[in-house]
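Quick notes on the structure that follows.
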Amino acid sequence: MDMNSPKTCNVCGWINQDLNLSVREWTCKNGHKLDRDLNAAKVILKEGLKIISGGTLDNTDGDGVRSSNTQLSAKSEAHLSLANG
């Protein structure tokens, strides 16, 4: 995973190479207003979802998967809504 998560816009993917650690809020070149920490968390979440879904953001909800114990599962749409803000 690229370690530019605080510098990468979670909406469009633009990387702000000039972003200093002291800057807590910033706007990407496409006008997306971002909180540095929240933005980084969303970038990391999107990357994690991409990894567990085999390289895409198309997740399944466990159809066809049997579990050895009964658990409530969260729909992937809930995770995507977190990733997309």
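What follows draws every value from the coordinates through simple rules; no lab data is involved. As the structure is a computational prediction, the values presented were derived from the model and not from experiment.
What the table below lists for this structure:
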read-out: Under-5 Å amide H pairs with W14, H placed in peptide plane, nonlocal only; value: C9
read-out: Phi to ³J(HN,Hα) by Karplus 6.51 cos²θ - 1.76 cosθ + 1.60 over the stretch 32-45, Hz, x for Gly, Pro; value: 7, 8, 10, 8, 3, 5, 5, 4, 4, 4, 5, 4, 5, 4
